1. Quick check: residue separation of residue 29 and residue 58 times 0.36 nm, minus the Cα distance between them. What number comes out in nm?
2. For the stretch 18-58, report the convex hull volume of the alpha-carbon atoms normalised per residue, in Å³, without decimals.
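Coordinate-derived values only; no laboratory data. Given the structure is predicted, the values throughout are model-derived calculations rather than measurements.
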Amino acid sequence: MMSAESDMVGVLGDREQAYPIKRVLDQESRKVVGWLYRWNTGQVAVMWKGERCESVIYE
């Protein structure tokens, strides 16, 4: 399972499964810094690889 701190969009519910839907890339280096997941509840959350980055793009 993944954790997502405060990067969640939506209301908390019965989260059971999450599926990766996009990669999160550093805007300058284009390195993968995390993944965007969609939960079975419809919530979307970022799972960061390490520290949270501010300037990102989703691909």
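1. Numbers: separation 29, 0.36 × 29 = 10.44 nm, distance 1.33 nm.
The residue 29-residue 58 span can extend by a further 9.1 nm.
2. Details: hull volume 2.5 nm³, N = 41.
Considering the Cα atoms of the stretch 18-58, their hull volume per residue is 60 Å³.
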